[in-house]
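Structure, as structure tokens:
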Amino acid sequence: MKRFFLAALLLAAPMSIGKADPDPDFDRSGNALVVANGFDGESYRLQLAQYARNGGLMNSHVHSDGFQENARVLVAGDDGNAIVGGARYWQGRSYLWVLKYHPSRSWTWEWADEEPDCVAERVAGTEAGDVWLAGLCGRGSDRVVRAARLDARGTRLWTRTERVAGARALTSLRVDFGNRVSITALTGQESVSGVRTVVLGAHGERITDY
């Protein structure tokens with residue numbers, strides 16, 4: 001399924017497609033949302049597209065703003081917008097980055113964090129339009145979890161850094177009815193791994209971990 005949509009996207013707008021493009025997601029109508037990372041020899045860009053259930057192309061947009069940005073995750077938000085998360089690269093360092101766009105109206109807003117050496121791995125959105133994102137910062141045993149919440153206009157409400165011992169990847173980010181967010185990390189080595197979850201409140205305060 002992923003290969004079909006990425007192949008169709010390549011035909012719609014030829015460019016270099018990365019191997020680490022996010023998996024497609026589906027909106028409430030069953031339409032597929034797709035994003036592909038690209039470089040045309042001069043500038044970095046994202047190709048954003050929406051496909052109908054029969055595979056027909058409904059909308060396609062190119063996002064290129066002069067920055068090097070790499071999409072890692074794509075989610076269809078509950079408010080009808082798509083949320084793309086990943087990293088913005090600047091002067092050799094990476095920063096949490098998120099782009100929100102409506103498939104039929106191009107991009108809505110984007111935001112990048114100021115904490116360096118971070119990459120967003122998970123994103124989520126609610127019907128009210130708020131966006132949460134989380135990723136890992138640093139390398140090896142010094143990695144920490146960085147999380148942020150933005151309102152419907154892309155204004156930062158809070159950011160928080162949490163140390164999760166041995167974190168090497170984020171496996172989920174879930175927001176409940178009280179706007180509390182649970183972030184789960186895969187920990188340890190590949191041969192002996194575990195999971196750890198940290199729960200943050202509506203204002204970014206730490207509630208618990210398990």
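Residues of region 43-53 that are in a loop (DSSP other than H, G, I, E, B) and of a type in the set (A, V, I, L, M): 52 alone. Screening residue 190 on (1) at pLDDT 95 or above; (2) outside any strand (DSSP E or B) shows it passes everything except condition (1). Just a yes or no: is a residue in region 153-164 within 22 Å of residue 139 (Cβ to Cβ) and exposed (fewer than 14 other Cβ atoms within 10 Å of the Cβ)? Yes, some residue in region 153-164 is within 22 Å of residue 139 (Cβ to Cβ) and exposed (fewer than 14 other Cβ atoms within 10 Å of the Cβ). Restricting attention to region 54-90, the residues that are part of a strand (DSSP E or B), over 11 Å from the mean Cα position of the chain (by Cα), under 15 Å from residue 106 (Cα atoms) and of a type outside the set (Val, Ile, Thr) add up to 6.
Residue by residue, here is whether (1) modelled with pLDDT of 90 or more; (2) surrounded by 15 or more Cβ atoms within 10 Å (Cβ to Cβ); (3) β-branched (Val, Ile, Thr); (4) farther than 22 Å from residue 90 by Cβ holds:
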site	(1), (2), (3), (4)
3	no, no, no, yes
7	no, no, no, yes
23	yes, no, no, yes
27	yes, yes, no, yes
48	yes, yes, no, no
56	yes, no, no, yes
63	yes, yes, no, no
75	yes, yes, yes, yes
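Taking region 112-130, which residues are assigned to a loop (DSSP other than H, G, I, E, B), under 20 Å from residue 181 (Cα atoms) and of a type outside the set (Ser, Thr, Tyr)? Across region 112-130, the qualifying residues are 127, 128, 129, 130.
The values are calculated or read from the model by the stated rules, or taken from the named source; none is laboratory data. None of these values were measured; they are calculated from a predicted model. Heads up, the Cβs are rebuilt from the backbone with ideal geometry, glycines too, and the neighbour counts pull from every protein chain shown.
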